[in-house]
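Only one structure is covered here, and it is reproduced in the block below.
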């Protein structure tokens, strides 16, 4: 039977250079659980390498963590990718890293990029700047998601930077993605300009949390057949029209 589950499907750990040092896999998962969230996704910039720790933490807790990452395309558009298994997420991680434009991270400017285990012990540091662009185009993202067995959507399309509208100046009429993420829907849809998107796409809102204080209360929910990747894609994976 379908049930409403509270969600946040766009969150960053301390592996993202802009992620707070306290956003360890353990802290992130446990804080989400304490906030009352049922379903979350870890989506660091261009990497999934803290997902193994996050999924291990969640194994003993009443919360579901979906592995993923937030890709930065060559057009500087952010796209959230989610995967049904850790193995598929890590396969895509390897693919993205090969396509990342390599610039060495300056941690004193951008922050550390720390890989951790499930006990929040540092096990590595990424030296290449993970918020840099890749050579992957927005036009290829939906096909890539399918190729690697996942699902994706353009992130925070209403943001003034790193978004579909900000980078292209418009929403492509033939966009294959069935879901769009809107950061502040009450503002974005206020004047009615984009009202028709509700008829064509699933509209979701996520925190894009970079600190523990960003992790929201359970104010948003999705009615799913199951509180997992399959339940999520069963709802969000097809166009409304």
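Brief remarks follow.
- Euclidean distance between Cα centres, the range 1-66 to the range 153-210, Å: 23
- Cβ-Cβ distance of residue 213 and residue 137, R₀ of 30 Å, FRET efficiency by 1/(1 + (r/R0)^6): the value works out to about 0.30.
- Candidates 104, 112, 75, ranked by Gaussian network fluctuation over the chain, Cα under 10 Å, top entry: 104
- Fewest neighbouring Cβ atoms within 10 Å first, the residues 90, 128, 31 line up as 128, 90, 31.
- Taken over the alpha carbons of the range 40-157 as equal point scatterers, the Debye sum produces base-10 log I(q)/I(0) values at 0.13 Å⁻¹ of -0.49.
- Translational diffusion of the chain was estimated from the Stokes-Einstein equation, with Rh taken as the Kirkwood radius over Cα pairs; at 10 °C and 1.306 mPa s the coefficient is 89 µm²/s.
- Considering helices alone, the calculated mean residue ellipticity of the chain at 222 nm is -7500 deg cm²/dmol, with DSSP H runs of length four and up weighted by -39500 (n - 2.57) and normalised per residue.
- For the options 113, 146, 193, a Gaussian network treatment of the chain with springs between C-alpha atoms closer than 10 Å singles out 193 as fluctuating the most.
- GNM on the chain, alpha-carbon springs under 10 angstrom: the most fluctuating residue among 192, 36, 150 is 192.
- Subtracting the Cα-Cα distance of residue 3 and residue 60 from 0.36 nm times their residue separation leaves 18.3 nm of extension gain.
- The range 1-75, relative contact order [Cα under 8 Å, separation at least 6], %: 32
- Ranked list, fewest to most other Cβ atoms within 10 Å of each Cβ, for 230, 191: 191, 230
- Going from the residue with the fewest nearby Cβ atoms within 10 Å to the one with the most, 165, 109 rank 109, 165.
- For the chain, share of DSSP beta bridges that run antiparallel, in % to the nearest 5: 55
- Kirkwood Rh (inverse of mean 1/r, distinct Cα pairs), the range 61-107, angstrom: 12.3
- Percent RCO, i.e. relative contact order, over the chain, from Cα pairs under 8 Å lying at least 6 residues apart: 26
- As a length-normalised measure over Cα pairs under 8 Å and 6 or more apart, the relative contact order of the range 101-238 settles at 15 percent.
- Once the Cα-Cα distance is subtracted from the 0.36 nm per residue extended length, the residue 196 to residue 147 segment shows a gain of 14.7 nm.
- Summarising the strand pairing of the range 28-152, around 65 percent of its internal DSSP beta bridges are antiparallel.
- Shape annotation for the range 107-241: C-alpha extents along the principal axes are 46, 36, 34 Å, from largest to smallest.
Each reported figure results from applying straightforward, stated rules to the coordinates on display, with no laboratory input. Model, not experiment: these values are computed from the prediction. Every residue, glycine among them, receives a Cβ derived from its backbone with ideal geometry; neighbour counts consider all protein chains shown.
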